[in-house]
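Data block below; observations after.
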Amino acid sequence: MKRIKNNNSGFTLVELIIAMAVLAFLMTAIGSLMGSSIASHKKQKAEIQVHNSAQQTYDQLTDSIMQAKEVVVIGYEVATPYDFAVPGEDVGATPTLVCYVKSEEMKDFIADNPSVYYTDDVASIGASNIRLFSEFDTTKTFYVKQLSIKTSVPLDMTAVPATLIKADTADYYDLRDPMSDGGLEVVRIYKNTTASGLDALSQKDNLFNTYVFEGNCMYYGREYSFMTTNNDSYIPYDKHNWLYNDGLSYVKTTGAGAYDISACTLTVDAENGAIGIELMYNNRNMTYTTQGMVNIRNSYVLKGKDN
């Protein structure tokens, strides 16, 4: 009888070593590919977040500028622009603060009432450094420290506290203006704007938008003339509650009044009623610009009627 031959052949030790080496190589390649993919996804996600935050900040600023009834800007003018390629780079002494307004009347008001606009603990700008928008120096670069913009918004009486209502009749409210001296000034708000002789524009409230730039941060606060229950007023010593964006590039200054200057530049065309804003972001080398100037709808925001 023919004997059946057993075939017990298998992998040799050399073949096993080669197979394991190939497998290890493949695993390393797959792991590297997955790691690269995850890192790329994280980077892409971070860039989208920076982009969205930057766009939101830009839209907020430009929308306020377009709707402005009044603008006051405080910042630093320098002859040679700063290089923001290295965030937090020391650029030496802090330049002098200057303030721009629309009229001589506003210059006098701010000089006499500095606390109204110097919300970020600016001790004194000095009368000589309060200038007209028509005098804006286009040969220098202006870095914004604070931008104050007054706009009009619809009045919602449910947000007006009872303490501000002096009279409530069938046709109108008489409201005390809390921003006047002790609330002594009274503004009449008509209830029926369709009645003959009544002004529909009287149904508006003033909204004071305050944008403060420091280092890599922009802070934003809101304050109303009458709807004071909606106030979200910016408070310098408790800034974190008003943080709007923390991705700006910036430079550091030294010496007296040292301040971290944000990469937010502003240009002004007072004659044509336009303002340009440019923002630069640090970790993604992103710049947002107006692609020109933002035209303000009110003709007398950057120059008084008599200018």
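Observations, loosely collected:
- No other residue among Ser148, Ser115, Ser152 is assigned to a helix (DSSP H, G or I) and not aliphatic (A, V, I, L, M) apart from Ser115.
- Some residue of the stretch 222-234 being crowded, with 19+ Cβ neighbours inside 10 Å, modelled with pLDDT of 90 or more and closer than 17 Å to Val72 by Cα: yes
- Look at the stretch 54-71: where a residue is under 18 Å from Ser262 (Cβ atoms) and a partner is at pLDDT below 90 and of a type in the set (Gly, Ala, Ser), sitting 6+ places away or on another chain with Cβ atoms under 8 Å, you get Ala54/Gly247.
- Figure legend. Inter-residue proximity from the stretch 90-109: first residues free of Cβ contacts under 8 Å to residues at least 60 places away in the same chain and among the aliphatic types (A, V, I, L, M), second residues in a strand (DSSP E or B) and surrounded by 13 or more Cβ atoms within 10 Å (Cβ to Cβ), beta-carbon distance below 6 Å, spacing 6+ or different chains. Indicated pairs: Val98/Glu77; Val101/Val72.
- Being surrounded by 14 or more Cβ atoms within 10 Å (Cβ to Cβ), touching a Lys or Arg at 6+ places or on another chain (Cβ under 6 Å), of a type outside the set (A, V, I, L, M) and at pLDDT 90 or above is a description that does not apply to Tyr172.
The values are calculated or read from the model by the stated rules, or taken from the named source; none is laboratory data. These numbers come from a predicted model, not from an experiment. Counting neighbours? That spans all protein chains shown, and the Cβs are built from the backbone with ideal geometry, glycine included.
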